[in-house]
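Shown next, in structure tokens, is the structure this report addresses.
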Amino acid sequence: MTVRKLSVEATIKRYTNENGFAWGINTVMKSLVPEASYDLTSAGEFIIDRWDSIYPQPTSQEIRDEYIRQQTIAECIEYFNNKKWIY
């Protein structure tokens with residue numbers, strides 16, 4: 001399966017709400033396969049216990065990569081929001 005990721009800007013727009021950028025395993029899975037219904041466990045790696053979608057399920061590595069990507073976006077947003085700009 002080739003994962004087609006949203007751009008950083010589109011990811012921020014899609015997963016930002018009144019509380020800011022909301023990310024986690026649910027947004028990761030929605031990013032990878034938006035219409036899927038699934039049960040997921042994590043024990044060192046991501047394991048899909050139940051999968052209901054016409055699309056192939058993402059691999060544990062694809063899930064991990066998208067999780068790290070969204071975590072990095074969240075950390076960057078937090079950094080820039082807390083940065084005191086000195087000119």
query: For segment 1-69, which trypsin sites (Lys or Arg not before Pro) are both in a DSSP coil and crowded by at most 10 other Cβ atoms within 10 Å?
result: ARG4
query: How long is the gain from ASN82 to TYR38 if the chain were fully straight, where each residue apart is worth 0.36 nm and the alpha carbon distance is subtracted?
result: 12.2 nm
task: Have a look at THR59, THR27, THR41 and tell me which one the Gaussian network model of the chain (Cα, springs below 10 Å) gives the largest fluctuation.
output: THR41
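Let me know the number of lysine pairs in the chain closer than 27 Å at the Cα, not counting same-chain pairs under 8 apart. Numbers along the way, then the final one.
On the way: LYS5/LYS13; LYS5/LYS30; LYS13/LYS30; LYS13/LYS83; LYS13/LYS84.
Number of lysine pairs found: 5.
Give me the net charge for the shell around ILE47: Cβ to Cβ below 14 angstrom, other residues only, Lys and Arg +1, Asp and Glu -1.
Values: positive: ARG50, ARG64; negative: ASP39, GLU45, ASP49, GLU62.
Residues close to ILE47 contribute a combined charge of -2.
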- line: Rg (one decimal) and Dmax (whole number) from the Cα set of segment 8-82, in Å, equal 13.2, 42
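Can you tell me, using C-alpha contacts under 8 Å and at least 6 residues apart, the relative contact order of the chain as a whole percent? Show your work: numbers first, answer last.
Values: 71 pairs, mean separation 23.7, N = 87.
Reported relative contact order: 27 percent.
Among ILE73, ILE47, what is the fewest-to-most ranking by other Cβ atoms within 10 Å?
Details: ILE73 17, ILE47 12.
Placing the least packed residue first, the sequence is ILE47, ILE73.
Here, each number is a calculation from the coordinates, and none is a lab measurement. Bear in mind the structure is a predicted one, so any value in this text is a computation, not a measurement. Virtual Cβ from ideal backbone geometry, glycine too; neighbours counted across all protein chains shown.
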